[in-house]
Amino acid sequence: MFSMLCIGDNVVDINYDRKKIYPGGNCVNVSVYVRSLGYDAAYVGVLADDAYAKLVRDVLDSHHIDRSLCPIKHGETGRCSCKTINGDRILTDENDLGLVKSSPLLISDAILRFARDFSLIHTSCYSFIDGQLEKLKGLGIPLIYDFSDLWDEKKIAAVCPNCTYALFSVGNLDNFNQNKQLLKQVVDKFNCELSIATLGADGAWVYYHDKEFFLFPYNRSGKVFDTTGCGDAWISGFIATYQCERDKYRSYTTAGTSDFHLSDDDENDFSNGLIPYCMHVGNYCAAKIAKTDGALGYFVPFADWEE
């Protein structure tokens, strides 16, 4: 059965307009979304010993996500805030992402042994483990890295040799068009299997073996309740489905008699058919979260909060 290990960040989002506190963070979100799709998921990341960390622990536990290898350290959970000022939605990092940044996770031998049982590993630029990616690559397990919008040519060159899949947030179609050739290098130069970009309301793009795939989001012109977590939901649906089906393909085609063989063209044809379907799975996962209060639908109102 397909399973994903998410390694890295956890934060809380404090929405001062709604007066609610939400647990989240890229890797926490992805683990919950993958679990919600019916797959096994686990999370490993540094957890603080403050009251905010309890929200993170509670949401992981409520979805039965293994967090047994999370080190707990004295310090603060990262806090991101949202306020509307003069009609503008202002997002702010309140404490420089807390312990996840100031005391990053050490990829120990125990974590490496644990990781061997998973089909796919997910991490991100907010996990602050770039210098340890080679350890994870050595496991021979596919790894997806989420660059968010913190990427340039130097960062891509440093990270992508250790990844199977690379994900980028490019904001909109204009920004994507300005950077498309660089994003193609992820596959053409650094030999990742897929280069993936989310473009917000302008959709998503995937590049595989000289072929480009593009899909607009569902409900593109409709109203949404909250876009928090939509990008994480999209990639969770896309990559979990893609990796699961690729694993099935490889297990089926390597089983049986030794004289049975499918060519590279056969495998490429399979992927070329699979990618559009997986993009649609990503779309409906994102559309579901757009109707949700916060990234995970889990929160504590200010009135009930106790530190």
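Computed values, structure above
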| read-out | value |
| --- | --- |
| Extreme residue, surrounded by the most Cβ atoms within 10 Å (Cβ to Cβ), among residues of segment 249-281 that are among the aliphatic types (A, V, I, L, M) and at pLDDT 85 or above | Met279 |
| Where a residue in segment 276-287 is of a type in the set (Ser, Thr, Tyr) and its partner, wherever it lies, is open to solvent by less than 10 Å² (accessible area, probe 1.4 Å) and at pLDDT 95 or above, with Cβ under 8 Å and at least six apart | Tyr284/Gly237 |
| Enumeration of residues in segment 235-248 that are open to solvent by less than 30 Å² (accessible area, probe 1.4 Å) and out of contact with any Gly (no Cβ under 9 Å at 6 or more places or on another chain) | Ala240, Tyr242, Gln243, Cys244, Arg246 |
| Tabulated pairs, segment 126-147, first within 22 Å of Asn95 (Cα to Cα) and at pLDDT 95 or above, second polar (S, T, N, Q) and surrounded by fewer than 21 Cβ atoms within 10 Å (Cβ to Cβ), C-beta under 6 angstrom, 6+ apart or interchain | none |
| Residue list for segment 109-124, restricted to those being open to solvent by 10 Å² or more (accessible area, probe 1.4 Å) and of a type outside the set (D, E, K, R) | Ala110, Leu112, Phe114, Phe118, Ser119 |
| Any hit, segment 242-263, residues being within 15 Å of the chain's Cα centre (by Cα) and in contact (Cβ under 8 Å) with a residue 60 or more places away in the chain | yes |
| Any chance Asp146 is surrounded by 23 or more Cβ atoms within 10 Å (Cβ to Cβ), within 21 Å of Thr292 (Cβ to Cβ) and acidic (Asp, Glu) | yes |
| Qualifying residues in segment 42-57 (those that are touching an Asp or Glu at 6+ places or on another chain (Cβ under 8 Å) and open to solvent by 10 Å² or more (accessible area, probe 1.4 Å)) - the one nearest to Asp247 (Cα to Cα) | Tyr52 |
| Candidate set: segment 188-212, residues that are charged (D, E, K, R) and open to solvent by less than 70 Å² (accessible area, probe 1.4 Å); chosen: the one modelled with the highest pLDDT | Glu193 |
| Phe118 vs. criteria farther than 28 Å from Asn172 by Cα and touching a Ser or Thr at 6+ places or on another chain (Cβ under 9 Å) | yes |
| Scope segment 1-41; condition surrounded by fewer than 24 Cβ atoms within 10 Å (Cβ to Cβ), of a type in the set (Ser, Thr, Tyr) and outside any loop (DSSP other than H, G, I, E, B); matching residues | Ser3, Ser36 |
| Residue in segment 58-90 that is least open to solvent (accessible area, probe 1.4 Å), counting only those that are assigned to a strand (DSSP E or B) and hydrophobic (A, V, I, L, M, F, W, C) | Cys82 |
| Search result, residues across segment 284-297 that are open to solvent by 40 Å² or more (accessible area, probe 1.4 Å) and touching a strand residue (DSSP E or B) at 6+ places or on another chain (Cβ under 6 Å) | none |
| Tally of residues being farther than 28 Å from Ile144 by Cβ and of a type in the set (A, V, I, L, M, F, W, C) across segment 71-119 | 2 |
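The values are calculated or read from the model by the stated rules, or taken from the named source; none is laboratory data. Computed from a predicted model, the values in this text were never measured in an experiment. Neighbour counts are summed over all protein chains in view; Cβ atoms, including those assigned to glycine, are modelled from backbone coordinates with ideal geometry. Calculation scope for accessible area: heavy atoms of the full protein, side chains included, ligands and nucleic acids excluded. Shrake-Rupley method; radii C 1.70, N 1.55, O 1.52, S 1.80 Å.
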